Amino acid sequence: MTNLLHKSTIDRTILSNGIVVLVAENPAADIVAARIFVRSGSCYENREQSGLVHLLSAVLTKGCDGLSSLEIAEKIESTGASLSADTTADYFLLSLKTVASDFAEILTLAGRLLRSPTFPQAEVELEQRIALQDIRSQKEQPFSIAFEQMRLAMYQNHPYAMSALGDETTMSGLSRANLVQYHQTYFRPDNVVISIAGRITAADGIALVEAVFGDWHAPADQPLPKLNLPEIKVEPQSRITPQPTQQSIVMLGYLGPSVHSADYAPLKLLSTYLGNGLSSRLFVELREKRGLAYEVSAFYPTRLMPASFVVYMGTAPENTKLAISGLRAEVDLLYTTQLEEDSLQAAKNKILGQYALGKQTNAQISQVYGWYEILGLGIDFDQQFQEIIASVSAEDAMAAAYRYLREPYVSLVGQEEAVNSALSGVA
């Protein structure tokens, strides 16, 4: 399937009720995929209701006006389609994929789920139990523990501090009434983006969305609540969780900028250079040459608000202190020593190659364009992203590293003696 869609093939329309509709006609296969985005991720929850949007996503497909969970599943499975809900910090997502001839039927079902979920009490309680099991399971995973304590230190009272699942207290305290209230507040047409890709024309796609959603209207007397989030203060610190594990998890985190920042592209490149794949700097230097790491990597997610730039390593307990200094030294090099041109170009080739491979299927295409639209970047960002990555200079990368990557938050999980002694004398 082609991944050479040019932006001119993406039709963008705003319906009279405020829904933004994107249609990418791509007739290479007899498949149509759609992504329905709602600006209502976990950032929109109250702190004491953390996990609410996750619970809503788990229950949304388990009942709607006139259909039970079993009837919904039968409708989807009888056509071989897929339909699922998910949530992130920045948005809620309903995903569907069908053969072209069944798309109208499945989009109609998605519309019923989105607009008129019933949140059956038994399903709410079941999904709560499953979420609580997941929360407890994460408490046994050293990486999850390390990342959680880093998030809490880095983001303080900001919603990004919390797991999408919330914690045991917040998840246990949620009710069906909370779900109904949240749905009534945020699930409205002027808060929705519908992105479609596949064997469908723009005219047919728009007409179908109009038929399913055109009579959906936002309440005139209820403006959308505005996010009023606390400022994130950068206060690097160290946190440890002693645990009788076979390895230490060593994690350094830095508060980076959002996707709307001019420094986003340089830091995305540096993250790729440091920790993406077997040829990455961290893998070669710390695992291959020094034998310090069982695993080592870096990540810097694309976020609507300030994002965490993280490097981490799993290492033998006796190497914990060496792991901290090794990771710190590699990050420090980014703002003290200019990247060589061939290293910079290799990182560009890697990130742009992976980006192209991520737009091969209709599901991927609908995801990318809808994602950019819901983040406020617009569909042109598909082309802009590739251009800004290609144009990043070694000077740009070094300057961005100097602005954001000098003082880390440190998060350690491992055997008590190893993690305690590793922090002694560490700046």
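The values are calculated or read from the model by the stated rules, or taken from the named source; none is laboratory data. All figures in this text were calculated on a predicted structure; none of them were measured in a lab. Neighbour counts run over all protein chains shown; Cβ positions are idealised from the backbone, glycine included.
Does residue 353 satisfy the criteria of being without any contact (Cβ under 8 Å) to a residue 40 or more places away in the chain, assigned to a helix (DSSP H, G or I), small (Gly, Ala, Ser) and assigned by TED's automatic domain parsing to the domain that holds residue 300? In short, yes. All of 212, 193 fail the test of being at pLDDT 95 or above and in contact with a strand residue (DSSP E or B) (Cβ under 7 Å, 6 or more places away or on another chain), apart from 193. Could you say which residue among 250, 311, 234 is of a type in the set (A, V, I, L, M), more than 21 Å from residue 375 (Cα to Cα) and surrounded by fewer than 16 Cβ atoms within 10 Å (Cβ to Cβ)? Within the list 250, 311, 234, the selection yields 234. Answer yes or no: is there a residue in segment 207-223 that is of a type in the set (S, T, N, Q) and surrounded by 20 or more Cβ atoms within 10 Å (Cβ to Cβ). No, every residue in segment 207-223 fails to be of a type in the set (S, T, N, Q) and surrounded by 20 or more Cβ atoms within 10 Å (Cβ to Cβ). Scanning segment 96-131 for residues that are of a type in the set (S, T, N, Q) and touching a helix residue (DSSP H, G or I) at 6+ places or on another chain (Cβ under 7 Å) yields a count of 4.
Only residues that are within 11 Å of residue 379 (Cα to Cα) and modelled with pLDDT under 95 were counted in segment 10-38, giving 1.
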